[in-house]
Amino acid sequence: MDVLVIGTGGREHALVRALAADAGVETVHAAPGNPGMAAQATLHEIEPMDGAAVAALAAGLGVGLVVVGPEAPLVAGVADAVRSRGVPCFGPSAEAARLEGSKAFAKDVMTAAGVPTAEARVCTTAEEVAAALDAFGPPYVVKDDGLAAGKGVVVTDDRRLATDHAAACDRVVVEEYLDGPEVSVFALCGWNEANGPTVYPLQPAQDFKRIHDGDVGPNTGGMGAYTPLTWAPPDLVDEVTRTVLRPTVDEMARRGTPFSGLLYAGLALTSRGVRVVEFNVRFGDPETQPLLALLDSPLSPLLLGAATGRLADVPPPRWKPGAAVTVVLASKGYPETSSKGDVVVGTETLAHDPAVHVIHAGTALADGHLVTAGGRVLAVTAVGSDVADAREKAYEGVATISFPGAQWRRDIAAGR
Ligand code: AMP
Ligand code: GLY
């Protein structure tokens, strides 16, 4: 089978890499892709938001599976467009993608399904916002209702900042502050008429969202990640499956909009128990990178099973022992801005290291040089016997790469 991966980022490069290593996959295609993916995939120029163009490319190439990486095309219905051409597609329908596309919709589903999450109010006027901020008190949590590419959420003690953010959005969700560590639990989800939903949770991972060491500074798309979480309660995945993942996919099926694809539960382990911070409807970035580095099962049968309603016929994912750690290198100015055209050196020195690999995100080729082309430029992922070992190898890898203005956190997976 040939597979087409849609997207340009680190998550998509990690998917391409895992599919290229899968004996069941002949050729991997990526569109639009990035220079790192060119080592494992054939790249095609395409606008990923254009469902008809993606479907036409998939049909023309004769691929057996399309994997849509990012949320924006999923929310725009690109997976529906691909399926309507008769090509299996990993990724939810536009209707099911509303779990990420609208925070108010996600809250409504969670309430109906009894899924534990922060108490919240949907507000459209300044008066409603003021009343909700009074009701919950500081720290204030104000979320843009729609997709905002990681910039939609403000968590602050400053009432003025909270009010200003709300005023800048059409519709916001104001909610209770959740304390406690955050973890990401991803689940491969499939559905068919006869048997209903199938849910295969992956092992938990943790993401580092803030730009600076010690979790300070503004939120980013994610500066690093690791798996497994040896400190997490051993029954965490079972509990999350029972209280979050299953009720959510059951509720989506009950509504006639079954969810298939990857359901990402962003969770806070609060003093009062597990609470959902957010849902995403696609693989997380960068958590996907350490997770796929440790996945022992071939990836394509799982994705194809979810895409075709036959996930229950595929054995659940198995994991390699040990741990994996990913450290992201971002360009100068990130996350407020990003610097383009800075020459990146050193990635080729890691090309043959079995324990360490480089995943590209915001890179481009200019005059034969690899250069920066976005905020998160690339990421180094290492596997090791435990988190400390993988962490050491990842940072050794980071030390071999440089570009002007590179920023990376020194504390990814420290002390875990
Ligand atoms: P989201 O886009 O909903 O994941 O929010 C981005 C980040 O804001 C999360 O990863 C959390 O760190 C933080 N956040 C979101 N909601 C809350 C909440 N209710 N309480 C505390 N922090 C939150
Ligand atoms: N790691 C955060 C995200 O993918 O949204």
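Computed from the coordinates by the stated procedures, all read-outs in this text should not be read as laboratory data. Computed from a predicted structure; not experimentally measured. Every residue, glycine as well, gets a Cβ built from its backbone with ideal geometry; the counts of neighbours run over all protein chains shown.
Remarks
- Here each label is just a point 7 Å from Cα along the line to Cβ, and for Lys340 and Asp389 those points are 4.3 nm apart.
- Lysines with Cα under 23 Å of Lys107, excluding same-chain neighbours fewer than 8 positions away: Lys143, Lys151, Lys209
- Couplings for region 64-78, taken from phi via the Karplus curve 6.51 cos²θ - 1.76 cosθ + 1.60 with θ = phi - 60°, read x, 7, 10, 10, 8, x, x, 6, 4, x, 5, 4, 7, x, 5 Hz in order; Gly and Pro are left as x.
- FRET efficiency estimate (nearest 0.05) - Cβ-Cβ, Ala39 to Asp238, R0 60 angstrom: 0.95
- Sequentially through region 241-253, phi angles give Karplus couplings (6.51, -1.76, 1.60; θ = phi - 60°) of 4, 6, 9, 10, 5, 5, x, 5, 5, 5, 5, 5, 5 Hz, Gly and Pro residues having no value and appearing as x.
- Taking the inverse of the mean reciprocal distance over all distinct Cα pairs, the Kirkwood hydrodynamic radius of region 60-206 comes to 17.4 Å.
- Table column - 3J(HN,Hα) (Hz), region 278-292, Karplus curve with 6.51, -1.76, 1.60, x for Gly and Pro: 6, 10, 10, 10, 7, 4, x, 10, x, 4, 4, 5, x, 5, 5
- Over region 275-328, the pair-distance histogram of Cα-Cα distances with 10 Å bins from zero comes to 20, 42, 35, 3 percent, rounded to whole numbers.
- Choice from Ala23, Ala55, Ala72 showing the highest fluctuation, given a GNM over the chain with Cα pairs closer than 10 Å: Ala23
- For the chain, the extents of the C-alpha atoms along the principal axes are 57, 52, 41 Å, listed from largest to smallest.
- Using a simple spin-label model with pseudo-atoms 7 Å out from Cα toward Cβ, Asp411 and Ala20 lie 3.5 nm apart.
- Each residue in Val109, Val343 was given a count of other beta-carbon atoms within 10 angstrom of its own, and listing them fewest first yields Val343, Val109.
- The residues neighbouring Ala52, those whose beta-carbon lies less than 14 Å from its own, together hold a net charge of -1 under the Lys/Arg +1, Asp/Glu -1 convention.
- Going from the residue with the fewest nearby Cβ atoms within 10 Å to the one with the most, Met252, Met37, Met1 rank Met1, Met252, Met37.
- Within the same chain, lysines fewer than 8 places from Lys393 are excluded, and of the rest, those with a Cα less than 18 Å from its Cα are Lys320.
- The H on the amide N of Gly222, modeled in the peptide plane, is under 5 Å from the matching H of no residue at least 5 residues off or on a different chain.
- Comparing Arg282, Arg376, Arg318 in a Gaussian network model of the chain (Cα springs below 10 Å), the most mobile by mean-square fluctuation is Arg318.
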